[in-house]
Structures are given as C-alpha cells and as structure tokens.
1. How high is the FRET efficiency from THR52 to LYS222, r the C-beta distance, R0 41 Å, rounded to 0.05?
2. By how many nm would the segment from ARG253 to GLU100 grow when fully extended, if each residue of separation counts as 0.36 nm and the alpha-carbon distance is taken off?
3. For GLN261, put the label point 7 Å out on the Cα→Cβ axis and report which residues of region 180-208 keep their amide N under 17 Å from it.
4. Quick one: if you stick a label point 7 Å off each Cα along the C-beta vector at THR214 and ALA112, how many nm between them?
5. So for region 186-259, what are the equivalent ellipsoid semi-axes in whole Å, largest first, each being the square root of 5 times an eigenvalue of the Cα gyration tensor?
6. If I take R0 = 25 Å and measure r between the Cβ atoms of THR29 and ARG180 in this structure, what FRET efficiency does the formula 1/(1 + (r/R0)^6) give, to the nearest 0.05?
7. Hey, with R₀ at 25 Å, roughly what FRET efficiency would ASP17 and ALA77 work out to, going by the Cβ-Cβ distance, to 0.05?
8. In what sequence do GLU100, GLU237 fall when counting other Cβ within 10 Å, fewest first?
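Each reported figure results from applying straightforward, stated rules to the coordinates on display, with no laboratory input. It should be emphasised that the depicted structure is a prediction, and the values quoted were computed from it without experimental measurement. All Cβ positions, glycine included, derive from the backbone under ideal geometry; neighbour counts span all protein chains shown.
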Amino acid sequence: MGDVLAGNHATWEFESDALLIRFDRGNRTPKLLSVLRERRVPHEALASVTLTPGKRGTVVLHAVPRPGADPLMEAAAGQLKEACDPYRLVLPADRETLAEYYRDELRARLPADAMGTVDAGAAVGPVGALGPVGALGPVGAMGSVGALGPVDSPDVTDVGAAGAPAHVESVLTAPTPVDRFLVAPPQGPQSFKTYDGRASFDGVSEVSFRWSWTGASTEKWKAGDQTFSVRDLCGVEWRSPEVLDGYLRLVPRGGAPRPPQPDLDPASVVFGLGYGPVHLSLPFAAAVLAAIRGRAADRVPVHAAAPAGMRDGASRDPGAVAERIRHLGELHQAGLVTDAEFSAKKAELLAEL
C-alpha cells in the first residue's frame, strides 16, 4: 500500500508485507512508546484488525497480534494499560471512514490461518456469545494473554432478530498462535535500576543482577551478585511496577525449587518506589525472553553458568568488593550471618580481586 495514517502519538505506514508503526517522541507520548520508537509488524504476525469507538470523539484502530508473535506483548501478559498498547492508533472520529478503509485493506493482507474457525453447523448463540470455544467471552473481550485487547468479531451478519441464534458457515474464534517471534524485540544492551539493585542485559547472552546494599534482602547478599547465561534460562516473569509487588524474575531450566517471594530469590529483582518503570523493565524483559527463545530454537547445549564475577577471568572492582565485605561484616555483627558463612563468603569475595 505504501500509505501513511497519522494518529495520536503514532503513525502507521502500510508496507506491502508489514505494518510499520512509528511513535512520537513528544512529552505527552507514553514513555514506553517513546522508548520503542518504531516497530515493524509483518502481516503474518497479526490475527485481526478492529475499529471501535474511542473516548471523547475518537475512534481506535487496533491491530491484534497473534499469540507468540511479539516478545513485548508476551512478556507483558495482559498487564499493559490501554494508553501504552503499541498496537492501538487513536484517530479523530471524523476520520472513521478513512480508518475503515485501512482496516479493510490490512485485513485483506492477513494470513488465512491467523484465526481459528468453528465448522459449519456449530452452535452459535447471540452475537457476543460464542460460548466456550476458544475460551472467548463476549466478542470484543478476549482474555489477557499477550495483552491482545479487544477483538472484533468477524463480519457475521446472518443473525436472527433480537440476537436469536443463527446458522453460519463458519465463525472465527481465538487467534492461531505462532511458534516463533515474528516481531523484533528491543535491541542492544539494556540496564535499569531496581529497588534492590541493578539489572543488566548485554543484548545477546548474559543477564546480571548487582545488589544494592540498601535494598537487597539478606538472602540476596548471601548469594552474591548474579550472572545468568540465557542458555540456562527457560523464561521470564514480569509483574508490572504499576501494581503492588512488581518484579522481574528469571526462570532457570530444570525446575529447581525457588523461594516463593521474589525479594528472597537471587534470580529476581523487585520494583517499587519509582524503580523498574514499565518503559525500562518491560523492554528489558522482552529482549531477554527473545534471546531465550532464540537460543532454544538454535538448540544450543545447556551448560552451567560460571560463578558471578569470574567469567573470562575478569576481576571485580576492588571498591565494590570492599563495600560488599563491609556490608557482610555488618550482617555478621548483627547475627544474620554465621561465623562459617562470613568466613566462606569473605574468602570468595577476596578471591575475585
């Protein structure tokens, strides 16, 4: 198509094989969208395109991604606020006719298998009540998986009076999942400050957590700073910092027991009090998740991670080690660390110099 449609905070460009979404960088644009800058979404990554009334004289064009297509939406798992959904384009109501045109043009380019179907003769109740098939509730109210948001019903027009059941040849149901990411994750090394430390990802293969002496729990201090190879991980859990007890947790392979509370788990960082904002922690989680899936697809053998701070023979910052030893001594004096634990951990830290 090659056309461009500009809306609030974003512009959609319609390419022959993809939808290119560019986000504004203004002060009123949600920070997450500003950080993302742009996203190229292949048509095969979309399940449907909807057009619904918006607030205060607007309409909303919504491209609905297929489950498993976008690492950002997979990591978000339905927790994004509506204003931060990168697949929504808000337009003035007087542009509804133009929006309908682009909705139909984009729909025509979606893959035929993007949505599942119910065979002919299936029991279909009133519009907005497809029943249990695909675990859908009312049309336009799909579940929260992948933060897909509202889903248009297909153009089902053969409906009896007063919403009576009708017989249709087929009805589209839940979007068909894909087995690999089709939308690129946020690129490059990333880092953000958490309530209990700092999380860093090199953009390729390693995630590291460095604990803060003011916010980290005793359990995390005992475990020491952590470095994880993505080869040793099978997933990422992200709980939005905009709700109580937000966190980012890495899921190691093997299913070993983990502490139930993220603040006690050395494979987790916790949010709160302005730490781990959505626009930093969610792209981080999406990038790590994409790296994990990419490694799994390549079938890279799993190896044990090297101890934190000892990879490639690199030595630790002496000042940081001294600070760790000082804090360890405070824990020892307070009776939170035994003599044996103190001696062993101090020797380990000194060996890193």
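1. The pair THR52/LYS222 has a calculated efficiency of 0.20.
2. Net length gain for the segment: 50.5 nm.
3. 195-197
4. Computed distance between label sites THR214 and ALA112 equals 6.2 nm.
5. After diagonalising the Cα gyration tensor, the semi-axes are 18, 16, 14 Å.
6. Given R0 = 25 Å and the Cβ-Cβ separation, E is 0.25.
7. Efficiency at R0 = 25 Å is approximately 0.35.
8. Going from least to most buried by this count: GLU100, GLU237.
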